[in-house]
Each structure stands twice: as structure tokens, then as C-alpha cells.
Amino acid sequence: MNRDWWLARWRTMFVIRTVEETIARMVSSGEVVSPCHLCIGQEAVAAGVCAALSDGDSVWGGHRSHGHYLAKGGSIEALFAEVLGRTTGCSGGRGGSMHLLDLDHGVLGTVPIVAATVPLAAGAALAYKMRGEARVAVSFFGDGAVEEGHVHETLNLAALYRLPIVFVCENNLYSSHLHWTERRRADNLSQAGAFHSVPGVSVDGNDVEAVYNAAAEAVERARSGDGPALIECRTFRWRGHVGSSFDLDVGLNRQGELADWLLKDPISRYEERLGELGCSSLAATKEIIRREVCDALDAARLGPEPRPERVFESVWTSNEAACAR
Ligand SMILES: Cc1ncc(C[n+]2csc(CCOP(=O)(O)OP(=O)(O)O)c2C)c(N)n1
Ligand SMILES: [Mg+2]
């Protein structure tokens, strides 16, 4: 890994952090009303996995997917416009924070129904395989999603058909306000695929290099026809389940846990590494990124509000009366 590699990964994480801190302020002020689930503290997972992907590969996510969208190349302005409900948003302002799309960059769907996109990612992987394309689908999901039955059905099908898919479980220890110890007997999510013959590893999800290494190996395996793999990335979300607050009054001991995890900040731990590699100061780069994010927000705010008479466009219905309205 050379200096440019580190700088690019650090940059992706810093962009995600800066965009999400901006969204947090917009949620607090009431400017954003779309429910926003922030991934602040988890940035290394999206940055590390997406660094191992090619343009033609796809990513699929859930309710906490701003990081996946940005790391795969999604536009900052279109994300801001989406959370503001503008027609220039990445989903036309119809989806909000939890429904992000960027077909050009392979962000094929994020959906807030927990684990909903896991089988969809397998569907994409099946299509790649049937068409003989050397493409890979990545399914991002949380630790809570592993409790959904169709995740296990998908793991089995993916193994059976040797689909080119990588399952990335972002284990932030919580599902909403429930700590994993209130939901499971054992701390063993990396083994979730073993019964279905999907190999799994567990990595430090706050270490972008460790995430990248595991992802690169799994992507290579999938692309070369050896089938799926599962990566458990252990991490922690700094903010509450939804919105901008820190939710310190929920969970088993969130206050103590957060204090521990703040010390493992995936971004600042690499600033030291970058210093060793000769990036003497990141202050100027940080300022440029902050400016870019501010400019994107200014542009997004100028986007048009949706017109009420267009509400039924893009809505599928078999009810002709509804269409005629
Ligand atoms: C099928 C379904 N059940 C329950 C919910 C309510 N819900 C939304 S997010 C969430 C927690 C998901 O936890 P996890 O998968 O660990 O993701 P995280 O929020 O930690 O990123 C729940 C239960 C839902 N959206 N969909
Ligand atoms: Mg979770």
C-alpha cells in the first residue's frame, strides 16, 4: 500500500464523515425530515470494501447506507438533494435517506426493510453468472439482519450456485436499541454462512486496511468463480440508531462502549500513518473536502421541490382508478 492508496482511503472516510456530520446538523435543525441512520464511526467498512471493487460491480445496502453510496462513487450533491426531497436527488427525491440509487456507479439499491436487499444482491450475482460477466455483487447488512430467515436462504442458494457475491455483515453490536447479548447466545456472526458452506472471516471493521484485505480476497474468489464469502466487520456507530443524537440512555452500557470506540476512530488512527508516509499535514486537504461538501449542499438546496401532480409517476399499480387520478 503506497501513500496514494492511503490518501484515497482516508479521503473516502473523511468525505463520508463530513457529509454525515452535515446531515446530522440538518436533522437537528429540522431542515431534513427524512429519517437518517448515520454510519459515523463505521466509515472504514464502506471505504475498505468499495476500494476492492471495480466500476461494474454492484453494492446493495439498507437503512444505513450513505457510506456505501458515497464510497462506490455516488454524488454528494445528489445525496444531499435526496435527503432534502428534491427532484435532483439520487432517487428523484422520492426515496429519502433510506432509498439510494446510482445506477452509473453500481449502487443498485438500499432498502430499509431489514435484509431486504440480501436476496436482491444474490439475484444480481445470478444474472452476472448467467450472462458470463466477471462482475461481483456486494451485500451490506447489519448484525440484526442475520436474524432474518431469508439471509440464510440466500447464503445457501449463493453457495449452491457458486454465485459471485460477497456478504458484508457490519456488526456494530446493536440492532436498534438491543445489544447483541440480548439477542444471541454466542458472538459468532462470522460463522453465519458456515452451515451453508459459505466461508467467513471476522475483521476489525475500524481498520480500513484489514477490511480492504478481506474484501479483496473475497472479491477475487467470487470473480474467479469460487463462490461467495462472508466478512464480519466489527465496528460501532457513534450516533443513535436513527437521527443525530448519541442515544446514550439506551442499550446496555452505551456511554462506556462509546468512550471505548471513540478511541478506535477509523479516520484519526490513519492520520498518523499518513504522516509517516510523508503527508505532513492534512489540514489543507480537509479544508478542500469541507469546501466541496459545502458547495454540494448549496447546489442541492437549489434543486426543485417535487410537484404534487407528479406523485403517481414511477408508481406501479394495477388499479386503473389510481392511475387516472
Ligand atoms: C423486516 C424489518 N424488521 C424490523 C425493522 C425495524 N428496524 C429498522 S432498523 C432495525 C435494526 C437493524 O439492525 P442492524 O441490522 O444491526 O443494522 P444497524 O441499524 O445496526 O445498522 C430494525 C429492527 C425493519 N425495518 N424491517
Ligand atoms: Mg447493527
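The values are calculated or read from the model by the stated rules, or taken from the named source; none is laboratory data. Please read all numbers here as calculations on a predicted model, not as lab measurements. FYI the Cβ positions are ideal-geometry reconstructions off the backbone, even for glycines, and counts take in every protein chain you see. Ligands, DNA and RNA are excluded from the accessible area calculation, which covers all protein heavy atoms including side chains. Shrake-Rupley method; radii C 1.70, N 1.55, O 1.52, S 1.80 Å.
Results, tabulated for the structure shown:
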| item | result |
| --- | --- |
| Helices (runs of 4 or more DSSP H) within the range 43-127 that include 3 or more residues within 16 Å of ligand 2 (Cβ to nearest atom) | 43-50, 66-71 |
| Sole exception among (1) crowded, with 19+ Cβ neighbours inside 10 Å; (2) closer than 18 Å to SER202 by Cβ for ALA125, by number | (2) |
| From the options GLY106, GLY93, GLY132, residue that is at positive phi and in contact with a Pro (Cβ under 6 Å, 6 or more places away or on another chain) | GLY93 |
| Failed criterion for GLU153 (all others in (1) open to solvent by 30 Å² or more (accessible area, probe 1.4 Å); (2) charged (D, E, K, R); (3) in contact with a strand residue (DSSP E or B) (Cβ under 8 Å, 6 or more places away or on another chain) hold) | (3) |
| Residue, farthest from ligand 1 (Cβ to nearest atom), within the range 160-192, restricted to residues that are of a type in the set (S, T, N, Q) and under 22 Å from GLY256 (Cβ atoms) | THR181 |
| Per-region count, the range 268-293, residues open to solvent by 50 Å² or more (accessible area, probe 1.4 Å), more than 21 Å from the chain's Cα centre (by Cα) and not charged (D, E, K, R) | 6 |
| Candidate set from the range 128-159 (those that are under 23 Å from GLY74 (Cα atoms) and either part of a strand (DSSP E or B) or without any contact (Cβ under 8 Å) to a residue 60 or more places away in the chain (or both)); member that is nearest to ligand 1 (Cβ to nearest atom) | GLY142 |
| Those residues of the range 212-245 which are over 22 Å from LEU189 (Cα atoms), within 16 Å of ligand 2 (Cβ to nearest atom) and open to solvent by 30 Å² or more (accessible area, probe 1.4 Å), in sequence order | ARG239, VAL242 |
| Complete set of residues in the range 16-49 that are within 24 Å of GLY106 (Cβ to Cβ), more than 16 Å from ligand 1 (Cβ to nearest atom) and either surrounded by fewer than 20 Cβ atoms within 10 Å (Cβ to Cβ) or without any contact (Cβ under 8 Å) to a residue 40 or more places away in the chain (or both) | THR18 |
| Qualifying residue in the range 156-178 (condition: surrounded by fewer than 19 Cβ atoms within 10 Å (Cβ to Cβ), within 16 Å of ligand 2 (Cβ to nearest atom) and on the phi > 0 side of the Ramachandran plot) | yes |
| Selection status of ASP143, modelled with pLDDT of 95 or more and open to solvent by 10 Å² or more (accessible area, probe 1.4 Å) | no |
| The listed residue being charged (D, E, K, R) and outside any loop (DSSP other than H, G, I, E, B), out of ASP247, ASP298 | ASP298 |
| Residue tally, condition in a loop (DSSP other than H, G, I, E, B) and under 22 Å from ALA44 (Cβ atoms), over the range 252-277 | 6 |
| Condition broken by THR181, with the remaining ones in (1) in a helix (DSSP H, G or I); (2) over 18 Å from VAL151 (Cβ atoms); (3) more than 15 Å from ligand 2 (Cβ to nearest atom) satisfied | (3) |
| First in the range 170-185 and farther than 23 Å from HIS66 by Cβ and in contact (Cβ under 8 Å) with a residue 24 or more places away in the chain, second anywhere and more than 7 Å from ligand 2 (Cβ to nearest atom) and open to solvent by 80 Å² or more (accessible area, probe 1.4 Å), Cβ under 6 Å, 6 or more apart | HIS179/LEU252 |
